[in-house]
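Okay, structure first, notes after.
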Amino acid sequence: MPRPLIFASASAVEEAFYAALAHADAAGVMALWADDEEVICIHPGGRRLTGLHAVRRSFEEILSRGPLSVRIQSVQVFQSATLTVHNLIEQISVASERGLELVNVLTTNVYTKTSAGWQLLVHHAAPGQEAERPSHETFNGKLH
């Protein structure tokens with residue numbers, strides 16, 4: 001039995017996650033999740049999936065159609081000693097009647113640090129458009 005991968009950072013897990021999607025590697029995707037039946041995954045327009053079994057089935061179904069071309073943009077990170085949250089935009093190439101289109105997906109990935117290293121705990125992706133903030137809403141300083 002192969003040894004589970006141990007990641008030293010949440011960013012390394014995220015890189016491996018998107019690489020596995022690009023190779024249609026459902027087993028590779030699942031190797032990154034925390035060994036916890038409370039993991040949560042929400043795909044764009046989908047329902048909340050709880051537990052490794054439900055998450056595995058969803059990725060097997062999605063990746064059975066082939067690899068996903070995902071480009072990551074605008075990553076915002078919150079990090080503590082044992083929890084990291086990445087909020088980002090996934091730009092996904094999708095085939096449509098008009099040819100190849102780029103679709104923006106607003107995504108939050110939550111990682112937890114355990115004795116087995118950093119692992120994925122939550123993946124929540126929703127269709128959306130990142131709009132430019134009006135200049136009066138742009139924040140350039142400290143709140144406190």
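Each reported figure results from applying straightforward, stated rules to the coordinates on display, with no laboratory input. Quick caveat, the model's predicted, so the values are computed rather than measured. Methodologically, a virtual Cβ is constructed for each residue, glycine included, from the backbone with ideal geometry; neighbour enumeration extends over all protein chains shown.
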Cα-based Debye curve of the stretch 10-128 sampled at q = 0.10, 0.11, 0.14, 0.18 Å⁻¹ gives log₁₀ I(q)/I(0) of -0.28, -0.34, -0.56, -0.94
Among GluC sites (Glu not before Pro) in the stretch 49-112, those in a DSSP loop whose Cβ has at most 13 other Cβ atoms within 10 Å are 97
The alpha-carbon center of the stretch 84-124 and that of the stretch 6-36 are separated, in whole Å, by 11
Per the helix-only model, the chain has a calculated mean residue ellipticity at 222 nm (DSSP H runs of ≥4, -39500 (n - 2.57) each, divided over all residues, rounded to the nearest 500) of -6000 deg cm²/dmol
Within the set 12, 20, 34, GNM on the chain using Cα springs under 10 Å gives the largest fluctuation to 12
In nm, the gap between the two label points placed 7 Å beyond Cα toward Cβ at residue 100 and residue 60 is 3.0
Expected max-MSF residue from 66, 99, 45 in the GNM of the chain (alpha carbon, under 10 Å) is 99
